[in-house]
1. Find all pairs meeting these conditions: Cβ atoms under 6 angstrom apart; at least six residues apart or on different chains; first residue within segment 22-37 and at pLDDT below 85; second residue open to solvent by 20 Å² or more (accessible area, probe 1.4 Å).
2. Based on what the data block shows, is Arg181 open to solvent by 30 Å² or more (accessible area, probe 1.4 Å), part of a helix (DSSP H, G or I), modelled with pLDDT of 75 or more and not hydrophobic (A, V, I, L, M, F, W, C)?
3. For Asp112, indicate whether it is among the charged types (D, E, K, R) and either at pLDDT below 80 or open to solvent by less than 10 Å² (accessible area, probe 1.4 Å) (or both).
4. Within the bounds of segment 58-67, is there any residue that is more than 18 Å from Ser149 (Cβ to Cβ) and either surrounded by fewer than 17 Cβ atoms within 10 Å (Cβ to Cβ) or in contact (Cβ under 8 Å) with a residue 60 or more places away in the chain (or both)?
5. So Ser82 clears everything in (1) over 24 Å from Ser54 (Cα atoms); (2) modelled with pLDDT of 80 or more; (3) open to solvent by less than 70 Å² (accessible area, probe 1.4 Å); (4) among the hydroxyl-bearing types (Ser, Thr, Tyr) except one condition, right? Which one?
6. Name the pairs whose Cβ atoms lie under 7 Å apart, with the first residue in segment 153-165 and more than 16 Å from Leu76 (Cβ to Cβ), the second small (Gly, Ala, Ser), and 6 or more positions between them or separate chains?
7. When segment 31-55 is examined, which residues are found to be open to solvent by 30 Å² or more (accessible area, probe 1.4 Å) and among the aliphatic types (A, V, I, L, M)?
Amino acid sequence: METSYWIFVFSILLLFLEPGSSSIDNFHQPFPIVEPDPGHTKLRLSKEGLEAISRITTPISAVAVIGPYRSGKSFLLNQLLSLSCDEGFGVGHMRDTKTKGIWVWGTPLEMDIDGVRTSVFYLDTEGFESVGKSNVYDDRIFALATVMSSVLIYNLPETIREADISRLSFAVELAEEFYGRFEASSMC
């Protein structure tokens with residue numbers, strides 16, 4: 001993905017999300033990039049996430065994992081990053097969700113994509129359908145992860161349901177609309 005694309009995406013995010021606070025010293029850890037408010041009704045950008053992304057000088061690509069709560073999204077990301085659950089994304093052992101909002105692994109993997117040195121970030125998302133959240137909140141997390149990612153992994157612990165197909169259809173429609181608008185604005 002082009003750097004200008006990511007500048008555009010994060011500019012849009014800044015317009016719709018209220019800023020959070022905090023700063024980090026060690027980037028070799030997960031930290032929030034998008035956080036929920038205490039009532040789980042609004043989302044806000046975390047300054048930590050912006051700090052990590054702003055220090056990157058190469059083009060950025062993101063891999064996001066989405067799916068129902070307690071389906072192994074954080075565990076899968078730890079496997080992809082070759083990290084244990086103690087040093088990588090937090091893995092919960094209870095019914096409550098461990099990941100709130102959208103988290104990013106602070107140290108991107110550097111790799112060549114189509115001959116271009118690219119920083120690849122891994123994004124962990126709060127699961128769908130957990131207790132005490134509305135469908136609107138789930139849709140916001142889903143939409144942000146879809147728009148922010150270059151690769152979207154839909155992690156399911158069981159067989160595909162009709163609701164999963166609807167979400168994937170929504171992701172395709174969202175991506176087509178977003179990329180269509182981005183291409184139109186870059187031609188001007």
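1. Within 6 Å, the pairs are Ser22/Lys47; Ser22/Glu48; Ile24/Glu48; Phe27/Thr107; His28/Thr107; Pro30/Trp103; Phe31/Glu48.
2. Numbers: open to solvent by 30 Å² or more (accessible area, probe 1.4 Å): yes; part of a helix (DSSP H, G or I): yes; modelled with pLDDT of 75 or more: no; not hydrophobic (A, V, I, L, M, F, W, C): yes.
It is false that Arg181 is open to solvent by 30 Å² or more (accessible area, probe 1.4 Å), part of a helix (DSSP H, G or I), modelled with pLDDT of 75 or more and not hydrophobic (A, V, I, L, M, F, W, C).
3. On the way: among the charged types (D, E, K, R): yes; either at pLDDT below 80 or open to solvent by less than 10 Å² (accessible area, probe 1.4 Å) (or both): no.
No; evaluated as a whole, the condition is false for this residue.
4. The first filter runs over segment 58-67 and keeps only residues more than 18 Å from Ser149 (Cβ to Cβ), leaving none.
No, every residue in segment 58-67 fails to be more than 18 Å from Ser149 (Cβ to Cβ) and either surrounded by fewer than 17 Cβ atoms within 10 Å (Cβ to Cβ) or in contact (Cβ under 8 Å) with a residue 60 or more places away in the chain (or both).
5. Of the numbered conditions (1) over 24 Å from Ser54 (Cα atoms); (2) modelled with pLDDT of 80 or more; (3) open to solvent by less than 70 Å² (accessible area, probe 1.4 Å); (4) among the hydroxyl-bearing types (Ser, Thr, Tyr), the odd one out for Ser82 is (3).
6. Pairs found: none.
7. Leu50
The values are calculated or read from the model by the stated rules, or taken from the named source; none is laboratory data. It should be emphasised that the depicted structure is a prediction, and the values quoted were computed from it without experimental measurement. Cβ atoms come from the backbone with ideal geometry, glycine included; neighbour counts cover every protein chain shown. Only protein heavy atoms, including side chains, enter the accessible area calculation; ligands, DNA and RNA are left aside. Shrake-Rupley method; radii C 1.70, N 1.55, O 1.52, S 1.80 Å.
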